[in-house]
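To keep things clear, I will list the structure first and then write my remarks on it.
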Amino acid sequence: MIFLSSLWQIKDNIGRADVIVGFGIGVRKNGEASSLSKAVAMKATELYKQGFAPKILFTGGFSQNGVTEAEAMQKVAIKEGGLAKDIILETDSKNTYINVKNSLKIIKRMEATRILIVAQAIHARRVRATFKKCMPDNYTLYWSSAKSDYDIVPNQKRLRSEGRFLLWEIYRINQFKLHGWA
């Protein structure tokens with residue numbers, strides 16, 4: 001399945017943006033970011049430090065031990081040199097579609113129109129398709145993939161293995177195609 005995962009990945013399209021949006025993908029039972037979320041946080045922070053955007057928005061409401069994915073990623077970002085004042089959290093969403101919808105509400109309030117999304121390589125194709133479907137036409141979308149070893153995420157059945165998650169991603173993107181969204 002690892003080989004198939006590499007074929008599923010999309011090529012980065014990075015550009016200057018108003019905000020970087022990092023998508024959580026699990027948190028460990030102790031409240032630390034999974035390796036998947038940690039890689040997203042590190043990539044988002046790296047792009048922020050390189051000046052690709054002045055703000056980072058972490059999205060993810062799945063929680064363990066009282067800590068959401070977004071909060072766990074914020075801790076990683078601050079440790080990596082991100083400034084707390086430049087990090088915004090969206091902690092209510094528990095699936096990709098709601099992540100995007102809630103993030104777009106925040107982005108609209110920020111009066112931002114250029115978005116750089118960062119998602120795990122295996123998840124980035126669907127995140128990009130969801131953003132394209134949901135965002136206004138006058139917005140510009142860029143994307144970058146984070147890569148890490150697969151980490152089993154507790155209490156999320158579809159994430160129990162990389163193969164299972166890849167099959168979920170393929171199923172969901174095909175649903176998008178059936179509806180003309182991708």
Order of Val67, Val100 - criterion: other Cβ atoms within 10 Å of each residue's Cβ, fewest first: Val67, Val100
Between Gln9 and Lys105, with labels modelled 7 Å along Cα→Cβ, what's the label distance in nm to one decimal, could you check? 3.4
Reach of Lys147 by Cα under 23 Å, taken over lysines that are not fewer than 8 positions away in the same chain: Lys11, Lys29, Lys38, Lys43, Lys49, Lys55, Lys75, Lys79, Lys94, Lys132, Lys157
Could you let me know the centre-to-centre spacing of the stretch 36-59 and the stretch 13-33, using Cα atoms, in angstrom? 7
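In the stretch 1-99, what GluC sites (Glu not before Pro) fall in a loop by DSSP, with at most 16 other Cβ atoms inside 10 Å? Please report the intermediate quantities before stating the final value.
Details: sites: Glu32, Glu46, Glu69, Glu71, Glu80, Glu90; in loops: Glu32, Glu80.
Here the GluC sites (Glu not before Pro) that fit, given the DSSP loop and packing criteria, are Glu32, Glu80.
Bear in mind that the values in this text are calculations on the coordinates, not laboratory data. Computed from a predicted model, the values in this text were never measured in an experiment. Counting neighbours? That spans all protein chains shown, and the Cβs are built from the backbone with ideal geometry, glycine included.
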